[in-house]
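J.: Please read through the structure below; I'll follow up with questions.
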Amino acid sequence: MILTVTFNPAIDKSTSIDRLVPDKKLRGDRLVSEPGGGGINVSKALQELGAPAKALFLSGGVNGAVLERLLNERGLPFEAVPAKGETRESFTVLERGTNAQYRFVLPGDPYDEADGAALFRALEAAPRPEFVVASGSLPPGAPDDLYAQLAAHCRRIGARLVVDTSGVPLQRAVDTGVFLIKPNLSELCALTGRTHLELHEVDDAAREVLGRGGCSALIVSMGPSGALAVTSEGEWRIPAPVVRKQSTVGAGDSMIAGICHALLQGRPLPDAARFGVACGTAATMNPGSQLFKKEDAERLYEWIRTHS
């Protein structure tokens with residue numbers, strides 16, 4: 001079973017308009033509201049793949065009640081830990097004339113230590129999962145070592161932790177020790193103290209992180225250039241199929257879901273990375289905050305497998 005953890009969930013709202021114009025009243029199309037936030041997006045993607053998964057997250061206020069209702073409507077297994085603050089919102093607008101996407105991400109209310117402690121108690125009480133996926137930003141005021149605390153917990157119970165975040169929280173988690181991370185190029189730069197990386201330098205930078213012993217595997221996301229999977233056993237470059245992009249919301253979380261689903265099935269990490277790239281690419285084919293369709297991911301995976 002895969003347990004996803006989201007410290008800073010959101011209601012993702014999206015619409016589209018013909019053109020963004022300043023100082024004008026702009027009328028959008030139908031508003032679409034989706035349950036969101038890193039770990040919740042991973043759970044949604046795992047549900048699409050038919051993988052056994054459960055979402056654990058902090059939920060507060062009116063938005064928290066809406067978030068739980070949306071998840072219930074999906075039939076997605078979850079445990080919502082009550083939080084004192086209001087669950088945040090994000091808003092995405094697609095400008096149809098240019099196909100440009102504008103993403104407005106709000107921070108949410110400040111983190112409350114008592115709420116966090118309640119989430120960790122729920123984590124302790126849960127049946128031991130094979131994988132824990134922690135994805136997304138932290139709420140304002142949360143300690144930088146929150147993901148590191150989660151890493152220590154997963155080590156105690158023997159669960160493999162996958163972390164997808166950035167900045168100091170990612171570095172602290174890696175310092176503690178995790179199973180897998182999925183940095184993009186800028187996050188890999190931060191982990192290695194570089195200001196810039198050329199594509200031919202990514203291999204060495206990834207091996208530098210791996211050599212410190214803070215993770216067992218890295219899958220570096222390189223956008224249109226695909227991905228690089230690195231373990232102690234080798235490294236594998238994975239091409240990204242060219243598709244008509246409509247939205248990038250949730251693409252990284254879809255990639256994580258594909259990776260974990262494949263690993264749970266016992267597939268080797270290089271193949272899991274290929275399936276992850278397929279899921280992430282498939283997510284960009286759908287508008288707004290929708291994720292991917294399973295059939296698209298499977299079709300793209302066959303292309304990747306052939307061209308790898």
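The values are calculated or read from the model by the stated rules, or taken from the named source; none is laboratory data. Note that this is a predicted model, so its numbers are computed, not measured. Neighbour counts are summed over all protein chains in view; Cβ atoms, including those assigned to glycine, are modelled from backbone coordinates with ideal geometry. Each accessible area value is taken on the protein alone, full model and side chains, heavy atoms only, with ligands, DNA and RNA left out. Shrake-Rupley method; radii C 1.70, N 1.55, O 1.52, S 1.80 Å.
J.: How high is the relative contact order of segment 1-139, in percent, counting Cα pairs under 8 Å that sit 6 or more residues apart?
T.: Normalised by residue count, the contact order of segment 1-139 is 35 percent.
J.: Now a separate question. Accessible area, 1.4 Å probe, largest first: how do LYS293, LYS13 sort?
T.: Reading off the accessible areas and sorting them downward yields LYS293, LYS13.
J.: Same structure again: Where does the Debye-calculated log10 I(q)/I(0) of segment 1-97 sit at q = 0.10, 0.14, 0.25 Å⁻¹, using only Cα point scatterers of equal weight, no solvent?
T.: Normalising to I(0) and taking log10 leaves -0.32, -0.57, -1.20.
J.: What does the helix-only formula give at 222 nm for the chain: each DSSP H stretch with n ≥ 4 adding -39500 (n - 2.57), the total divided by the residues, and the result rounded to the nearest 500 deg cm²/dmol?
T.: Calculated from helices alone, the mean residue ellipticity at 222 nm is -12500 deg cm²/dmol.
J.: Right, another one. Within segment 2-306, how many Lys pairs that are eight or more residues apart, or on different chains, come under 26 Å at the alpha-carbon?
T.: For segment 2-306, the number of qualifying lysine pairs is 24.
J.: Now for a different question. Rolling a 1.4 Å sphere over the protein heavy atoms, what is the accessible area per residue of segment 2-306, to the nearest Å²?
T.: Counting only protein heavy atoms, the per-residue value for segment 2-306 is 43 Å².
J.: Please turn the phi angles of segment 7-16 into ³J(HN,Hα) values with the Karplus equation 6.51 cos²θ - 1.76 cosθ + 1.60 (θ = phi - 60°), one per residue in order, whole Hz, x for glycine and proline.
T.: Using θ = phi - 60°, the values come out as 7, 9, x, 7, 9, 8, 10, 9, 7, 9 Hz.
J.: Compare TRP236, TRP303 by solvent-accessible area with a 1.4 Å probe and give them largest first, with all protein chains kept in place.
T.: Sorted descending by solvent-accessible area, the residues read TRP303, TRP236.
J.: Can you send over the carbon and sulfur percentage of the accessible area for segment 2-306, probe radius 1.4 Å, protein chains only?
T.: Taking all protein chains in place, segment 2-306 shows 50 percent carbon and sulfur surface.
J.: Can you work out the Karplus-derived ³J(HN,Hα) for every residue in segment 36-47? Use 6.51 cos²θ - 1.76 cosθ + 1.60 with θ = phi - 60°, whole Hz, and x for glycine or proline.
T.: After applying 6.51 cos²θ - 1.76 cosθ + 1.60, I find x, x, x, x, 5, 4, 4, 4, 4, 5, 5, 4 Hz.
J.: Return the sequence-ordered ³J(HN,Hα) values of segment 90-97 in whole Hz as given by the Karplus equation 6.51 cos²θ - 1.76 cosθ + 1.60 applied to θ = phi - 60°, using x for Gly and Pro.
T.: Each residue's phi maps through the Karplus curve to give 10, 9, 10, 10, 9, 8, 5, x Hz.
J.: Please report, in cubic angstrom per residue, the volume enclosed by the convex hull of the alpha-carbon atoms of the chain.
T.: Spread over its residues, the Cα hull of the chain gives 138 Å³ apiece.
J.: Then there is this: If you take the beta carbon distance between ASN99 and ARG74 as r and set R0 to 22 Å, what does 1/(1 + (r/R0)^6) give as a FRET efficiency, to the nearest 0.05?
T.: After rounding, the FRET efficiency stands at 0.20.
J.: To the nearest 0.05, what FRET efficiency results for ALA117 and VAL32 with a Förster distance of 45 Å applied to their C-beta separation?
T.: Given R0 = 45 Å and the Cβ-Cβ separation, E is 0.85.
J.: Now, a different point. With a 1.4 Å probe and all protein chains in place, put THR195, THR231 in order of accessible area, largest first.
T.: Result of the area sort, largest leading: THR195, THR231.
J.: Right, next: How many nm separate the modelled label positions at ARG305 and ASP203, each set 7 Å beyond the Cα in the direction of the Cβ?
T.: Label-label distance for ARG305 and ASP203, simple model: 2.6 nm.
J.: Using amide H atoms built 1.01 Å from N in the peptide plane, name the residues 5+ places from LEU161, or on other chains, whose amide H lies under 5 Å from its own.
T.: VAL132, PHE179, LEU180
J.: Simple spin-label model, 7 Å along Cα-to-Cβ: SER216 to GLU298 in nm?
T.: Label-label distance for SER216 and GLU298, simple model: 2.8 nm.
J.: Right, something else. On the full set of protein chains, 1.4 Å probe, figure out the accessible area of TYR102 and give it in Å² to the nearest 10.
T.: 80
J.: Counting only the heavy atoms of the protein chains, how much of CYS189 is accessible to a 1.4 Å probe, in Å² to the nearest 10?
T.: The accessible area of CYS189 comes to roughly 10 Å².
J.: Here's something else I'd like to know. Which residues' amide hydrogens lie under 5 Å from the amide hydrogen of SER16, considering only partners 5 or more residues apart or on another chain, with H built in the peptide plane?
T.: Under 5 Å from the amide H of SER16: ASP29, LEU94.
J.: Please list, by residue number, every one of the trypsin sites (Lys or Arg not before Pro) in segment 200-252 that is coil in DSSP and has at most 15 other beta-carbon atoms within 10 Å.
T.: Sparse-neighbourhood loop trypsin sites (Lys or Arg not before Pro): ARG212, ARG244, LYS245.
J.: So what does VAL174 come to for accessible area, using a 1.4 Å probe and Å² rounded to 10?
T.: Per-residue accessible area (VAL174): approximately 10 Å².
J.: Quick check: Cα centre of segment 63-139 to Cα centre of segment 251-308, how many Å?
T.: Value for the Cα centre distance between the two parts: 22 Å.
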